[in-house]
Amino acid sequence: MGDRVHGGALGRAVADFVIVKASDALFPTPDGISDEVASTLPVAGSSAAAALAAVGLRAGDTVLVGGAAGGVGIFAVQLARLAGATVIGTASEGTFPFLRKLGAEPVAYGPGLADRVRDLGVTAAVDLFGTETAEAALDLGVPPGRIATIAAGPNPPGGVRATGGADAEPGALTRIADAIVDGRLTVPVAAVFPVERIRDAVALQAARHVHGKVVVTL
Ligand SMILES: NC(=O)c1ccc[n+]([C@@H]2O[C@H](COP(=O)([O-])OP(=O)(O)OC[C@H]3O[C@@H](n4cnc5c(N)ncnc54)[C@H](OP(=O)(O)O)[C@@H]3O)[C@@H](O)[C@H]2O)c1
């Protein structure tokens, strides 16, 4: 009672309390992680971890991350770097400095993507925006089993893997929280809205040019 916890994405907020079902995964929030940052972990962190696991990411890989600066991308880029991979992330040009700070080599999304990364030795890809990155990786000869998307529905093209946060391995969130506490991973929070301004939060997110996570507070 009274502990700070995160997770439990299905919890229902009632006044000052949150009711959680026994089946909801809840984790203690370590000192040094704010509730705002902790709130970003369960869905976005899990989705990023699941996508990297789906492609069997390992040290020495060069992974192409589509939509790398978004709420899921910030986790995917940093987790891939921590795993010892080289990361190439797609974004628009104004976002390149943000991606470089996270540890990714930026490249522009849009037509010709495969040609822009052809000489960079891509060995795996995760598409967080749709199918463009997945298709570019197929075009480069990356095996479909080493390409995943979280944003193209259950049947992505070319045998590419569809995945999502529910596929994250047990322990993924604890590992992310530990990395934050140790200063190995940061969570850029793009904006914080009180729940009364939920419409503004949704409009910002729906425009699909967010860099980091949007947080809504109760
Ligand atoms: N956010 C979450 O917590 C969360 C959790 C689970 C699943 N998802 C799902 O995961 C997917 C990614 O969500 P997200 O919140 O990370 O990001 P998002 O809002 O879908 O995308 C934001 C990022 O995509 C880039 N972008 C814009 N147009 C693009 C294009 N045509 N091609 C490639 N990238 C483009 C933007 O970069 P520029 O600003 O440089 O254009 C921006 O950084 C969505 O399908 C979402 O439903 C999200």
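Of all residues in the range 68-91, those that are more than 14 Å from residue 122 (Cα to Cα) have Cβ atoms under 7 Å from Cβ atoms of residues that are among the β-branched types (Val, Ile, Thr) and near the ligand (Cβ under 6 Å from one of its atoms), 6 or more apart or on another chain, in 68/90; 69/95; 70/210; 71/210; 72/150.
Taking the condition within 23 Å of residue 32 (Cβ to Cβ), of a type in the set (A, V, I, L, M, F, W, C) and either more than 11 Å from the ligand (Cβ to nearest atom) or without any contact (Cβ under 8 Å) to a residue 40 or more places away in the chain (or both), does residue 185 pass? Quick ask: steps written out before the conclusion?
Working: within 23 Å of residue 32 (Cβ to Cβ): yes; of a type in the set (A, V, I, L, M, F, W, C): yes; either more than 11 Å from the ligand (Cβ to nearest atom) or without any contact (Cβ under 8 Å) to a residue 40 or more places away in the chain (or both): yes.
Criteria met by residue 185.
Within this structure, residue 13 passes the test of being surrounded by fewer than 16 Cβ atoms within 10 Å (Cβ to Cβ), on the phi < 0 side of the Ramachandran plot, at pLDDT below 85 and assigned to a strand (DSSP E or B).
Okay, residues lined up against (1) away from the ligand (no atom under 12 Å from the Cβ); (2) modelled with pLDDT of 95 or more; (3) touching a Cys at 6+ places or on another chain (Cβ under 8 Å); (4) not aromatic (Phe, Trp, Tyr):
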position: 96; (1), (2), (3), (4): no, yes, no, no
position: 105; (1), (2), (3), (4): yes, yes, no, yes
position: 124; (1), (2), (3), (4): yes, yes, no, yes
position: 132; (1), (2), (3), (4): no, yes, no, yes
position: 141; (1), (2), (3), (4): yes, yes, no, yes
position: 151; (1), (2), (3), (4): no, no, no, yes
position: 192; (1), (2), (3), (4): yes, yes, no, yes
position: 199; (1), (2), (3), (4): yes, yes, no, yes
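Among the residues of the range 164-191, those identified as among the acidic types (Asp, Glu) and either surrounded by 13 or more Cβ atoms within 10 Å (Cβ to Cβ) or farther than 24 Å from residue 151 by Cα (or both) are 167, 178, 182. Residues of the range 146-163 that are part of a loop (DSSP other than H, G, I, E, B) and either at positive phi or among the polar types (S, T, N, Q) (or both): 153, 155, 163.
The values are calculated or read from the model by the stated rules, or taken from the named source; none is laboratory data. These figures come from a predicted structure and were not determined experimentally. Note that we place each Cβ from the backbone using ideal geometry, even for glycine, and neighbour counts take in every protein chain shown.
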